[in-house]
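S.K.: Below is the structure I would like to discuss, written out as structure tokens.
The values are calculated or read from the model by the stated rules, or taken from the named source; none is laboratory data. Note that the structure is predicted; figures quoted are calculated from it, not measured. Virtual Cβ from ideal backbone geometry, glycine too; neighbours counted across all protein chains shown.
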Amino acid sequence: MIKMCKKCKTNAVFVMINGRKLCKNCFIHYFEKKILFTIRKYNLLRKGNKIFIDKGRYTTIIEHIFRKLPIYKISKIKTKTDKILLSTSIGNIACQIILNQLKKKQEVKQLMPKYKNTIKPLYLLLDKEIELYAKLNKIKINKQKDKDKLGVQVRNFLNDLEKKHPEIKYAAVNAFLEIEPVL
């Protein structure tokens, strides 16, 4: 059976957790809209903010998206900015939440979408969504290896669990966001 985008009736490139199928154009629109939603929901940026995009795995994707948003000014100098953007996905956050528990770390504030002047506009996106967006837009991703052995094991565990329970990373991060105010 061919997967078709419900809206456009063209071949789907992505199937969401809820089963909704998206074609290339609908997926790109969904992805960019989700970043804007994250920015608004967590009050990450204000119009006219000067931003510095920190080097990370998905830096090129953040640069691509923020060049489309002229209401923010991209700075090349970290010290002359209002906000520092980190290319952290929901998968990274879910992994870090578990690692913090395993290592009995109490520092959790930096896992929030906004911490001091650092923000995470990819906070609600899965790695596979980010990587598909890059592929569809012909954007190269910076390949980075995780040096923390336990981190690699936790990431692999979550990825394996995600195959049977696609919502697991969302569930971990949403649970964290619910209990964070009391921590």
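S.K.: Which ones in the range 12-36 are buried (at least 19 other Cβ atoms within 10 Å of the Cβ) and either under 11 Å from K128 (Cβ atoms) or at pLDDT below 90 (or both)? Even if it seems obvious, please write down each step before you answer.
M.R.: The initial filter retains those residues of the range 12-36 that are buried (at least 19 other Cβ atoms within 10 Å of the Cβ), namely 12, 14, 21-23, 26-27, 31, 35.
Residue satisfying the conditions is F14 alone.
S.K.: Answer with yes or no whether Y115 is out of contact with any strand residue (DSSP E or B) (no Cβ under 8 Å at 6 or more places or on another chain), more than 13 Å from T60 (Cα to Cα) and crowded, with 16+ Cβ neighbours inside 10 Å. Can you show your working first?
M.R.: Details: out of contact with any strand residue (DSSP E or B) (no Cβ under 8 Å at 6 or more places or on another chain): yes; more than 13 Å from T60 (Cα to Cα): yes; crowded, with 16+ Cβ neighbours inside 10 Å: no.
Judged against the criteria, Y115 is not a match.
S.K.: Output the residues belonging to the range 1-44 that are more than 15 Å from L125 (Cβ to Cβ), part of a loop (DSSP other than H, G, I, E, B) and either among the β-branched types (V, I, T) or in contact with a Pro (Cβ under 8 Å, 6 or more places away or on another chain) (or both).
M.R.: Residues satisfying the conditions are I2, T10, V13.
S.K.: Shifting gears a bit: Being within 17 Å of the chain's Cα centre (by Cα), closer than 24 Å to I168 by Cβ, in contact (Cβ under 8 Å) with a residue 40 or more places away in the chain and assigned to a loop (DSSP other than H, G, I, E, B): is that true of L124 here?
M.R.: Values: within 17 Å of the chain's Cα centre (by Cα): yes; closer than 24 Å to I168 by Cβ: yes; in contact (Cβ under 8 Å) with a residue 40 or more places away in the chain: yes; assigned to a loop (DSSP other than H, G, I, E, B): yes.
Answer is yes for this residue.
S.K.: Okay, moving on. May I ask you to list the residues in the range 126-158 that are of a type in the set (K, R), under 18 Å from Q101 (Cβ atoms) and surrounded by fewer than 14 Cβ atoms within 10 Å (Cβ to Cβ)? Steps first, please.
M.R.: Taking the range 126-158 and keeping what is of a type in the set (K, R), we get 128, 135, 138, 140, 143, 145, 147, 149, 155.
Now restrict to residues that are under 18 Å from Q101 (Cβ atoms): 149, 155.
If the condition is that a residue be of a type in the set (K, R), under 18 Å from Q101 (Cβ atoms) and surrounded by fewer than 14 Cβ atoms within 10 Å (Cβ to Cβ), then K149 is the only one that fits.
S.K.: Taking into account only those residues within the range 135-156 that are among the hydrophobic types (A, V, I, L, M, F, W, C) and touching a Ser or Thr at 6+ places or on another chain (Cβ under 7 Å), which is nearest to I168 (Cα to Cα)? Give the derivation first.
M.R.: Taking the range 135-156 and keeping what is among the hydrophobic types (A, V, I, L, M, F, W, C), we get 136, 139, 141, 150, 152, 154.
Narrowing further to those that are touching a Ser or Thr at 6+ places or on another chain (Cβ under 7 Å): 139, 141.
On the way: I139: 27, I141: 24 Å.
The qualifying residue nearest to I168 (Cα to Cα) is I141.
Okay, residues lined up against (1) over 19 Å from the mean Cα position of the chain (by Cα); (2) modelled with pLDDT of 90 or more; (3) of a type in the set (A, V, I, L, M):
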residue: I130; (1), (2), (3): no, yes, yes
residue: A134; (1), (2), (3): no, yes, yes
residue: G151; (1), (2), (3): no, no, no
residue: R155; (1), (2), (3): no, no, no
residue: E167; (1), (2), (3): no, yes, no
residue: P181; (1), (2), (3): yes, no, no
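S.K.: So, one more: Starting from residues that are farther than 18 Å from H165 by Cβ and either of a type in the set (A, V, I, L, M) or at pLDDT 90 or above (or both), keep the ones in the range 88-102 and report whichever is surrounded by the fewest Cβ atoms within 10 Å (Cβ to Cβ). Can you show your working first?
M.R.: Narrowing the range 88-102 to residues farther than 18 Å from H165 by Cβ: 88, 92, 96, 99-102.
Restricting the remaining residues to those that are either of a type in the set (A, V, I, L, M) or at pLDDT 90 or above (or both) gives 88, 92, 96, 99, 102.
Numbers: T88: 23, N92: 24, Q96: 21, L99: 16, L102: 12.
So, considering only residues that are farther than 18 Å from H165 by Cβ and either of a type in the set (A, V, I, L, M) or at pLDDT 90 or above (or both), the one surrounded by the fewest Cβ atoms within 10 Å (Cβ to Cβ) is L102.
S.K.: Same structure, new question: K147 fails exactly one of the following numbered conditions: (1) more than 18 Å from the chain's Cα centre (by Cα); (2) modelled with pLDDT under 90; (3) part of a helix (DSSP H, G or I). What is the number of that condition?
M.R.: Single failed check for K147: (3).
S.K.: Test of understanding: among K104, K114, which residue is charged (D, E, K, R) and touching a Leu at 6+ places or on another chain (Cβ under 8 Å)?
M.R.: Working: K104 fails: touching a Leu at 6+ places or on another chain (Cβ under 8 Å).
Exactly one residue qualifies, and that residue is K114.
S.K.: While we're here: Have a look at I84, I139 and point out the one that is closer than 30 Å to C23 by Cβ and modelled with pLDDT of 90 or more.
M.R.: Details: I84 fails: closer than 30 Å to C23 by Cβ.
Criteria check complete, one pass: I139.
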